[in-house]
Amino acid sequence: MSEQSKKSSLSRRQFLKGVGTGVAGSIAASKIARALPLEELEKASPPPGQVLITLKVNGQEKRFHVEPQTTLAEVLRERLQLTGTKVVCNHGECGACTVLLDGKAVYSCHMLAIDAQGKEITTIEGLLSGEELHPLQKAFVKKDGYQCGFCTPGQVMAARALLLKKPNPSREDVLEGMSGNLCRCAAYPKIIDSVLEAAKIK
């Protein structure tokens, strides 16, 4: 091997040492980033292609960096671990991902997280009072307003939005208000009964 080749070659030991240092450095850097005070996090440059957003979810403000195309459903499920919000169609058609935005029902899979800033976001977890079920949730249990239960969180949130708008809905109001939420088990009659039962609770 020529002298030039010797200088340009990298031994296995040197390579592994360098990689180890790089990995350790990355881990240390990530720990430092997580440990930064909120004020410093806001001043720090976001990772490439990401922006810093602030969301108010279930009464608490949360800040993190996200890519602009990140949906609200992705943030709720993957970043905040609020997995009660279900993603089924991911096209804004089935209603399983329904959450409340300032009291109105929205499909979280069809909304960008950055557009939810400045709004009050409520998920199915936000209806609980500690371990106590919300009266609406109790009504779904009492009237068997579910079968497999997968669409139930979205159904409950849509019902919550309806009852906030119309505290004393007719059966026709419930049919119209819940029309955007699909149930593959076809438990619609009991879902309607559950919403009407919840309306009786003051």
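Computed quantities for the displayed model
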read-out	value
Protection-proxy order for peptides 111-118, 167-174, 154-161, each taking the mean of Cβ atoms within 10 Å per residue, highest first	154-161, 111-118, 167-174
Cβ-defined net charge surrounding GLY145, 10 Å radius [Lys, Arg +1; Asp, Glu -1]	0
Spin-label model distance (nm) - LEU52 vs ASP115, 7 Å beyond Cα toward Cβ	2.5
Carbon plus sulfur fraction of accessible area for region 96-202, probe 1.4 Å, in percent	55
Solvent-accessible area per residue, Å², over region 69-174 with all protein chains present [probe radius 1.4 Å]	50
Sorted largest first, extent of region 60-140 alpha carbons per principal axis (Å)	38, 28, 21
Label-point separation in nm, SER45 to CYS89, each point 7 Å along Cα→Cβ	4.2
Relative packing of 86-95, 66-75, which averages over residues the other C-beta atoms within 10 Å, highest first	66-75, 86-95
Unsatisfied cross-links (Cα-Cα over 18 Å) in the set LYS62/LYS104; LYS86/LYS142; LYS165/LYS200	LYS62/LYS104; LYS86/LYS142
Simple spin-label estimate for GLU131 and LYS166 in nanometres, 7 Å along Cα-Cβ	3.7
Packing-based ranking, highest mean first, of 120-128, 45-53, 183-191 given that Cβ atoms within 10 Å are counted	120-128, 183-191, 45-53
Gain on full stretching of the segment that runs from LYS104 to ASP144 - 0.36 nm per residue minus C-alpha separation	11.9 nm
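The values are calculated or read from the model by the stated rules, or taken from the named source; none is laboratory data. All of these numbers come straight from a predicted model, not from anything done at the bench. Here the Cβ is made from the backbone with ideal geometry for all residues, glycine too, and neighbour counts use every protein chain on show. Side chains are part of the model used for accessible areas, which takes the heavy atoms of the whole protein and leaves out ligands, DNA and RNA. Shrake-Rupley method; radii C 1.70, N 1.55, O 1.52, S 1.80 Å.
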